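We did not get these values from a lab; they are worked out from the coordinates using the rules stated. This is a predicted model, so every value here is computed, not measured. Cβ atoms come from the backbone with ideal geometry, glycine included; neighbour counts cover every protein chain shown.
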Amino acid sequence: MLSKVNLNRIKVRLNNISKKVTKYVSFVPFDVEVKMQEQYMSPTLSCLEDPNFSYPINPKNIDFLNEWNIYGYDESVQSYKALEGDLLFCSSAVIKMEEKYKFNLSVLPYFLTSMKKYFHTQDEDIRFAEDIAEERNRILVDTKVNAILETVEPHSIVFIDGPLVGGMASTYMVRMDEKLRENDCIPLYFVKNSDSRLVIAQDLKLSNEFNSDFHWAACSLKNGQRSAFFRYVDEYNSRNSKVFAYIKALTGFAERVEMHSSTFEKYRSLMPAITDLIAYFYLVQGDLLNPQVRPVAIAEMYAREGIKFLNIPALLGRLGFRPTINQVRFG
Amino acid sequence: MKMWIVSGTEGELIKLVSSKHVDGILPVGSYLTVVDDQNVKHVLVVEKSYQKSLFEPSPLIVDAELPLLQQDQECKNIVLAREIRQFPLRADGLFSFIKPNDVARRTTQEEIDEIFTSKEGFPIFLATSFLAQNSKLRDDAARLIYVKIPFDSLYLQTMICGQTGSGKTVAMKYLIEQFLTHEKGAALAINVKSTDLLTMDQPTTINNEKLKKQTQEEWDTLGFSEASIYEFRIYVPAGSQKYKEGVSKDRVRSITLRTQDLEPNSLLGVLQNITDRAAEALPNIFRYWKERVHGEEITFRKFISWFRMHATKENEYTFPTLSQAGEESRIPLHPGTCTAILRSLESAIDFFDSQERDCIAIREDHILVSGKLSVIDLSSKDTLIFGAVLLRHLLSKIYEAKAIKGQYSHVPVLIVIDEVHHFYKSSASVQALEELNAIARMGRSEKIGVIFASQNPEDLPGGLTSIVNTRIFFRSLGNVGRKFGIKEMSVELSSLENGFAMISSVALPQIKLVKFPMSLMGVKT
């Protein structure tokens, strides 16, 4: 029987990023401004450029590498189902591109259970949850927000894996986004998989031809092109507003980059240079089957290594957890 | 500080990863020290070392003519090393682990001295290899690291192999020099080529500035200033070219062998490519002639005449013999064998019983002089067969004097036989190697060491390779090293640079790759 659970001893925190070496250049937008002719396509979606035009991107334009701090974020999660509840190991990594890649890595264990004796627990690692999936998402978004806010310095471009707006996480993410922006940071969110139909739903012809916006972008963009920028505003909460575009830097798949509308407004003159830098980062990573921007890919490497640190089955045995039959059978 | 961090194990080897302060690759052969949490020092030797690119960028960016991210250039040095010692030893009889996350640094000279404790020995530099390039091992302060190989190991017999120009001869000179200086022994060397060993009374001169600087650093590290003066004599077979260019004339003496003194078994030296049966017979035939036939004058010429008389159809090519035990018998030889023996005997005839002025009949007491180097010069034409007889004769006399008569017990002896296959064929029979075997086997008790040198180790008689306990391979062809017990490290013998050698020694089995220092005397580049 599970007695006292103490997960503190298996937490890992490695802080490798030195804040002393940050470069800070006072922000003065200087780039050529993107011409924006906003076209309202629906009550929630408008196009900020010509929706039928594909815009060229230039991966050789990487001046921002020297002018901004560059950060990447990703996480890796390992779940383990025990009779007593779910164990969740969340490894999150923030990397900073200095002379070498620097990283902050934390691997945090959580115990999610519906045992009522934990209903009033004050322990951060042990969560009473009747809806484990919801609690899991809360943990992930907390981890992401904390890791980024604790690490990222002013005047940074932050490349973050996952969407800005989506479900219950939106509130936390938008709040984080605001704080970053207050520090002269440009948070950019990257989405690889989505069945969103925001763009094609506005045009019968497109919705006849394409299954999703990703499908449309993959077919309509050529290598080295991006789509127009689109603005989406949540119909219930106007704070949950984002601007996004599809970018195709490599053969095959397109990816979606999104940012808060306020970010876009504040830094709109820098958008050509930012999309160029994004294209460069896709090319540097160069994985045709799993396209990612380089800072996110490096953060992912560290996050995965974080999970490898721990021999989780042995650890759980020592802590007194008993695996479910399916956990034993299928891992 | 440059450090390597233990990340785990691969088989018997410890795996280490370089820390961020390391900006290069630790070559194979380097030594690392891990000090564990109990203050036990673990010394490891690197057997494999390579670089690992941590964040390999995509080839696409090369294709797109894009600049590479500086961060993507970060590399780590991955090292696989074998633990060879740990000290101090634990009181409970166990040996300590090297644990993941333990930290290693380069081993210091003091730690090398601690684990290889020989105080009396000849120093050689530890060496490393990477990408078929050799370099001397250095500590963190870039000082050269060396070990001392005990002189006692020389008495367990040594084999040195290497191609021409690989550093084999210089190493022999160095060993002779160290032996004379520190062991105060008597050295006998056979010179078979040019003036290789004939200028050992002359200080080394180096014209190449780079080599000169490297050599000076080696000598400074070892505290060498100038060579001790030792007695040096060159013995040249009578009738052959006595003086050679660049050789000090006053060191040269003509020598001969008196047939009356000749050990019958020494005649095995004249036998080239003949049957074992004939090899067994010739000493007994000679003994018969010497004991039963000769007149007042015992000369080589007369023995040949007598031999020729019996090597006829009328005498059915049958010879009387007298064994060491005094038993008489008769033995028929094949006519072809008789002809071959006669041809060999006649080629050496002029070197025996010479009446030349100032020519001395060489004896063991000329050789067995403390601090003296005697070189027998067999580089002139046709002297090799005589040399083979002479060598056997002298070895036999040295053995007799030291082992049987108990003389010269205070004089250690080092015998250096270059191009040993000229004197002992690779197919030599057990009997043909008898006296050499006897000497080699009593080497440790009587302090007699033999260095067998050859370009190709496969030229050495099988019977000899099994009695040597130190094998030194300079640059050699093919995989001969593996055949002769040099293995484990990923170093190719064929790629060794001059002076660098793989070594396998019972005295210091952990030492693998070394650089021999330049001798203070006798080298001219």
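Brief remarks follow.
- Of A:242, B:119, the sequence from fewest to most neighbouring Cβ atoms within 10 angstrom is B:119, A:242.
- Amide hydrogen neighbours beyond the local backbone of residue B:513, cut-off 5 Å, H modeled: B:127, B:503
- Local electrostatic count at residue B:284 - Lys and Arg +1, Asp and Glu -1, tallied over other residues with Cβ under 12 Å: +1
- Cut-off 12 Å between beta-carbons: net charge of the residues surrounding residue B:520, Lys and Arg +1, Asp and Glu -1: -3
- Mean projected area of the convex hull spanned by the Cα atoms of chain B, taken over all viewing directions: 31.4 nm².
- Basic side chains Lys and Arg get +1 at the Cβ, acidic Asp and Glu get -1 at the Cβ, and with that the dipole of the range A:190-254 about its Cα centre reaches some 280 debye.
- Take chain A and mark each of the GluC sites (Glu not before Pro) that is in a DSSP loop with at most 15 other Cβ atoms within 10 Å; the longest unmarked stretch, sites excluded, is A:131-234.
- Residues A:63, A:195, ranked from the fewest to the most other C-beta atoms within 10 Å, line up as A:195, A:63.
- Taking the charge dipole of the range B:250-398 about its Cα centre, with +1 at Lys and Arg Cβ atoms and -1 at Asp and Glu Cβ atoms, the residue from B:347, B:317, B:307 reaching farthest to the positive side is B:347.
- Amide N proximity, the range B:19-34 versus residue B:110 label position 7 Å along Cα-to-Cβ, cut-off under 17 Å: B:32-34
- A compact globular protein would have a Cα radius of gyration near 2.2 N^0.38 Å; the ratio found for chain A is 1.07.
- Size of charge dipole - chain A - debye, nearest 20, with Cβ of Lys, Arg +1 and Asp, Glu -1, no other charges: 1100 debye
- Gaussian network model of chain A, springs between alpha carbon atoms under 10 Å - residue of A:70, A:312, A:157 with greatest fluctuation: A:312
- For q = 0.19 Å⁻¹, Debye-computed log10 I/I(0) when each Cα of the range B:77-203 counts as one equal scatterer: -1.28
- Scattering profile of the range B:142-211 at q = 0.12, 0.22, 0.27 Å⁻¹ [log10 I(q)/I(0), Debye over alpha-carbon scatterers]: -0.41, -1.30, -1.49
- Residue order for B:210, B:242, A:100, fewest other beta carbons within 10 angstrom first, comes to B:210, A:100, B:242.
- Distance between the pseudo-spin-label points of residue B:261 and residue A:324 (7 Å out from Cα toward the beta carbon): 10.0 nm.
- C-alpha long axis of helix A:294-309 to longest principal axis of chain A, angle in °: 10 degrees
- Around the Cα centre of the protein assembly as shown, unit charges on the Cβ atoms of Lys, Arg, Asp and Glu (plus for the first two, minus for the last two) sum to a dipole of about 1280 debye.
- Residues with amide H under 5 Å from that of residue B:240, placed H, sequence gap 5 or more: none
- Near residue A:57, the amide H atoms lying under 5 Å from its own belong to A:225, A:226; only residues 5 or more places off or on other chains count, and H is placed 1.01 Å from N.
- Within a Gaussian network of chain A (alpha carbon springs, distance under 10 Å), most fluctuating of A:316, A:180, A:87: A:316
- Residue pairs, from the table B:136/B:210; A:96/A:222; B:381/B:524; B:173/B:372, whose Cα atoms sit over 19 Å apart: A:96/A:222; B:381/B:524
- From the Kirkwood radius over Cα pairs of the protein assembly as shown, Stokes-Einstein at 10 °C and 1.306 mPa s returns a whole-number translational diffusion coefficient of 46 µm²/s.
- Binning the alpha carbon pair distances of the range A:91-181 at 5 angstrom intervals from zero yields the distribution 3, 12, 21, 20, 18, 13, 8, 4, 2, 0, 0, expressed in whole percent.
- Candidates A:69, A:16, A:237: whichever shows maximal mean-square fluctuation once chain A is modelled as a Gaussian network with Cα springs under 10 Å: A:237
- Chain B: DSSP helices with Cα axial extent of at least 30 Å and average Kyte-Doolittle hydropathy no lower than 1.6: none
- Spin-label pair residue A:308-residue A:234: with each label point 7 Å from Cα along the Cα-Cβ axis, the two points sit 3.8 nm from one another.
- Efficiency of FRET from Cβ geometry, residue B:355 and residue B:290, R₀ 25 Å, rounded to 0.05: 0.80
- Coarse-grained scattering of the range B:21-133 at q = 0.12, 0.16, 0.21 Å⁻¹, given as base-10 log I(q)/I(0) from a Debye sum over alpha-carbon atoms: -0.58, -0.86, -1.20
- Bridge type composition, the range B:252-377 - antiparallel percent by DSSP, nearest 5: 60 percent
- Positive-pole candidate from B:155, A:129, B:197, dipole of the protein assembly as shown, charges at beta carbon: B:155
- Farthest positive-ward along the protein assembly as shown dipole, Cα basis, beta-carbon charges - from A:79, B:186, B:164: B:186
- Between residue B:225 and residue B:117, the modelled label-to-label distance comes to 3.2 nm, taking each label 7 Å out from Cα in the direction of the beta carbon.
- Virtual paramagnetic centre 7 Å along Cα→Cβ of residue A:60, amide N under 18 Å, in the range A:203-238: A:223-226
- Pairs of alpha carbons in the range A:138-284 separated by more than 27 Å make up 21% of all such pairs.
- At most 16 other Cβ within 10 Å, DSSP loop - GluC sites (Glu not before Pro), the range B:339-426: B:356
- Among beta bridges from DSSP that stay inside the protein assembly as shown, the antiparallel ones total about 70%.
- 20 Å cut-off, amide nitrogen to a point 7 angstrom out along residue B:19 Cα→Cβ, residues in the range B:28-50: B:30-46, B:50
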